[in-house]
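Asker: Here it is, the structure in full.
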Amino acid sequence: MQNSFFQKTDLIQIETSPYSFHMITSKLDFWLREIGASEGLLTLLVKHTSASLTIQENADPTVRDDLLTILDELAPETRDYRHNMEGPDDMPAHIKTMLTNTTLSIPVVDGKMDLGTWQGVYLIEHRAHRMNRSIRLFFAGTDA
Amino acid sequence: MQNSFFQKTDLIQIETSPYSFHMITSKLDFWLREIGASEGLLTLLVKHTSASLTIQENADPTVRDDLLTILDELAPETRDYRHNMEGPDDMPAHIKTMLTNTTLSIPVVDGKMDLGTWQGVYLIEHRAHRMNRSIRLFFAGTDA
Amino acid sequence: MQNSFFQKTDLIQIETSPYSFHMITSKLDFWLREIGASEGLLTLLVKHTSASLTIQENADPTVRDDLLTILDELAPETRDYRHNMEGPDDMPAHIKTMLTNTTLSIPVVDGKMDLGTWQGVYLIEHRAHRMNRSIRLFFAGTDA
């Protein structure tokens, strides 16, 4: 390595809307620029069990509509659950979290996440409410 | 970085019960303490294709009951599979593994995994038998 | 650490067949040997939203047949989707990607990925066509 190795961590907050995909790609690339990251690995962890992370199609918004529909069918709010004290949307939210991702690790090349043209990083809000979600960011790699 | 960078790896064994969630959070934080980890990234890999990993709600046990029910509905043992030589629980176990996680990477801050209050790390046993499962641990980061 | 720490990244191309699992284990271990990796973490990211990654059973091919069948049932091409401009196989491919993995991080021990005996790393092609898929490889760790 020509450049020097470092690691850096931070906590970001995202205010969500009910049942929705929140694109966080540019926020993450901004943070990488801010800390002077050049090449390395960016890891995200959403610190909740009723919201999750995914890398998905970033162009046509109807893709996310269909993804939300499918998640709702896989974990419908209308069925009976043993865990039902926190509202009909809570247990489905845990299931949707289990079927998607709580953590993601993304290679960083030339100061940016090395995503494909049609890929975006999304926080998915599975609850029926507007929520404040915390995501831990962790970068390890070389500086610019 | 003020502290010195190191990496450390180990293999742990978990004895499971049939169809169940096994919380391994404290075992992992104990290992991080033991190796003197301060800040970095902990990666887990379960070395099996019929058990898996997830980060889930650590409070109400009925959440895990519901998660097991849903996994059973997504991959029922009562349907026909082409792969059926290893018992009716084997192919469903592979499916449940595919839909959850074989590896997890978790940021470590101040010597502990930076999980949310309600998050725990679980090994999920998908087979109908008591099994011995191996999990590879790998930490890279700074010492205390 | 006795050996010296380094990181290395590369992009590989895989030509796929429609609806299929492509084992890439030996290609990855070959790359690790080529770059002189000893101990560390290998991260993969498939740069597409209609193909994905998984670690699965590497012995009986009917396991992968059953996995493809289940993925098709979870996201059937015969149902209506709002996103339908790119053919009936496109939206199901996004769903299958969301339910499996876009990234994987795998501990490397003694120069090889530390997988279990029955584990293989697979690229899953979810489209109905032969495609050229790019996978970003990123290793950080010690040299041999």
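The values are calculated or read from the model by the stated rules, or taken from the named source; none is laboratory data. None of these values were measured; they are calculated from a predicted model. FYI the Cβ positions are ideal-geometry reconstructions off the backbone, even for glycines, and counts take in every protein chain you see.
Asker: Restricting to the range C:109-132, what's the tally of residues that are over 14 Å from B:Thr49 (Cβ atoms), touching a Ser or Thr at 6+ places or on another chain (Cβ under 9 Å) and touching a residue at least 24 places away in the same chain (Cβ under 8 Å)?
Answerer: The first filter runs over the range C:109-132 and keeps only residues over 14 Å from B:Thr49 (Cβ atoms), leaving C:109-114, C:123-132.
Imposing the further condition that a residue be touching a Ser or Thr at 6+ places or on another chain (Cβ under 9 Å) reduces the set to C:109-111, C:113-114, C:123-127, C:129-132.
Okay, now just the ones that are also touching a residue at least 24 places away in the same chain (Cβ under 8 Å), so C:109-111, C:113, C:123-127, C:129-132.
Selection size over the range C:109-132: 13.
Asker: Within the range B:43-88, work out how many residues are of a type in the set (Asp, Glu) and within 19 Å of the chain's Cα centre (by Cα).
Answerer: Filtering the range B:43-88 for residues of a type in the set (Asp, Glu) gives B:57, B:60, B:65-66, B:72-73, B:77, B:80, B:86.
Then keep just the ones that are within 19 Å of the chain's Cα centre (by Cα); that gives B:57, B:60, B:65-66, B:72.
Total satisfying the criteria: 5.
Asker: Okay, moving on. Taking the criterion of being of a type in the set (A, V, I, L, M, F, W, C), over 22 Å from B:Thr62 (Cβ atoms), buried (at least 20 other Cβ atoms within 10 Å of the Cβ) and more than 10 Å from every other protein chain (Cβ to nearest Cβ), would at least one residue in the range A:123-132 satisfy it?
Answerer: yes
Asker: Same structure again: Residue check: is A:Glu86 closer than 22 Å to B:Val63 by Cβ and modelled with pLDDT under 95?
Answerer: Values: closer than 22 Å to B:Val63 by Cβ: yes; modelled with pLDDT under 95: yes.
The answer is yes for A:Glu86.
Asker: Scan the range B:81-90 and give yes if some residue there is within 27 Å of C:Leu45 (Cα to Cα) and not in a loop (DSSP other than H, G, I, E, B), otherwise no. Break it down stepwise before answering.
Answerer: First, pick out the residues of the range B:81-90 that are within 27 Å of C:Leu45 (Cα to Cα): none.
No, the conditions are met nowhere in the range B:81-90.
Asker: Within the range C:75-113, which residues are at the interface with chain B (Cβ under 8 Å from one of its Cβ atoms) and in contact with a Phe, Trp or Tyr (Cβ under 6 Å, 6 or more places away or on another chain)? It would help to see each step written out before you state the result.
Answerer: Of all residues in the range C:75-113, those at the interface with chain B (Cβ under 8 Å from one of its Cβ atoms) come to C:99-101, C:104-107, C:109.
Of everything in the range C:75-113, just one residue is at the interface with chain B (Cβ under 8 Å from one of its Cβ atoms) and in contact with a Phe, Trp or Tyr (Cβ under 6 Å, 6 or more places away or on another chain), namely C:Pro107.
Asker: Let me ask something else. Would you say B:His94 is part of a loop (DSSP other than H, G, I, E, B), within 21 Å of the chain's Cα centre (by Cα) and at pLDDT 95 or above?
Answerer: Answer is no for this residue.
Asker: The conditions are (1) in contact with a Lys or Arg (Cβ under 8 Å, 6 or more places away or on another chain); (2) under 25 Å from A:Leu53 (Cβ atoms); (3) surrounded by fewer than 22 Cβ atoms within 10 Å (Cβ to Cβ), and C:His83 fails exactly one of them. Which is it?
Answerer: C:His83 satisfies all of (1) in contact with a Lys or Arg (Cβ under 8 Å, 6 or more places away or on another chain); (2) under 25 Å from A:Leu53 (Cβ atoms); (3) surrounded by fewer than 22 Cβ atoms within 10 Å (Cβ to Cβ) except (1).
Asker: Just give me the residues in the range C:86-122 being surrounded by fewer than 18 Cβ atoms within 10 Å (Cβ to Cβ), of a type in the set (Val, Ile, Thr) and in contact with a strand residue (DSSP E or B) (Cβ under 9 Å, 6 or more places away or on another chain), in sequence order.
Answerer: Scanning the range C:86-122 gives a single hit, C:Val109.
Asker: Okay, moving on. Could you grab me the full set of residues in the range B:44-74 that are assigned to a helix (DSSP H, G or I), away from chain C (no Cβ under 14 Å), crowded, with 22+ Cβ neighbours inside 10 Å and among the hydrophobic types (A, V, I, L, M, F, W, C)?
Answerer: Within the range B:44-74, B:Val63, B:Leu67 meet the criteria.
Asker: Being of a type outside the set (D, E, K, R), in contact with a Phe, Trp or Tyr (Cβ under 8 Å, 6 or more places away or on another chain) and surrounded by 15 or more Cβ atoms within 10 Å (Cβ to Cβ) is the filter here; which residues of the range A:7-24 pass it? Explain how you work it out, then say what you get.
Answerer: Taking the range A:7-24 first, the residues of a type outside the set (D, E, K, R) are A:7, A:9, A:11-14, A:16-24.
Of the ones still in play, those that are also in contact with a Phe, Trp or Tyr (Cβ under 8 Å, 6 or more places away or on another chain) are A:7, A:9, A:12, A:21-24.
If the condition is that a residue be of a type outside the set (D, E, K, R), in contact with a Phe, Trp or Tyr (Cβ under 8 Å, 6 or more places away or on another chain) and surrounded by 15 or more Cβ atoms within 10 Å (Cβ to Cβ), then A:Gln7, A:Thr9, A:Ile12, A:Phe21, A:His22, A:Ile24 are the ones that fit.
Asker: Here is a further query. Looking at B:Ile135, B:Ile95, B:Ile106, which one is aliphatic (A, V, I, L, M) and either free of Cβ contacts under 8 Å to residues at least 12 places away in the same chain or closer than 19 Å to B:Glu39 by Cβ (or both)? Break it down stepwise before answering.
Answerer: Numbers: B:Ile135 fails: either free of Cβ contacts under 8 Å to residues at least 12 places away in the same chain or closer than 19 Å to B:Glu39 by Cβ (or both); B:Ile95 fails: either free of Cβ contacts under 8 Å to residues at least 12 places away in the same chain or closer than 19 Å to B:Glu39 by Cβ (or both).
Answer to the check: B:Ile106.
Asker: Hey, can you tell me all the residues within the range C:110-144 that are modelled with pLDDT of 95 or more, part of a loop (DSSP other than H, G, I, E, B) and among the hydrophobic types (A, V, I, L, M, F, W, C)?
Answerer: Those that are modelled with pLDDT of 95 or more, part of a loop (DSSP other than H, G, I, E, B) and among the hydrophobic types (A, V, I, L, M, F, W, C): C:Leu115, C:Trp118, C:Ala128, C:Met131.
Asker: Do any residues in the range B:28-46 that are over 22 Å from B:Asn101 (Cα atoms) have Cβ atoms under 8 Å from those of residues that are among the acidic types (Asp, Glu) and assigned to a helix (DSSP H, G or I), where the two are at least six apart or on different chains, and which pairs are they?
Answerer: none
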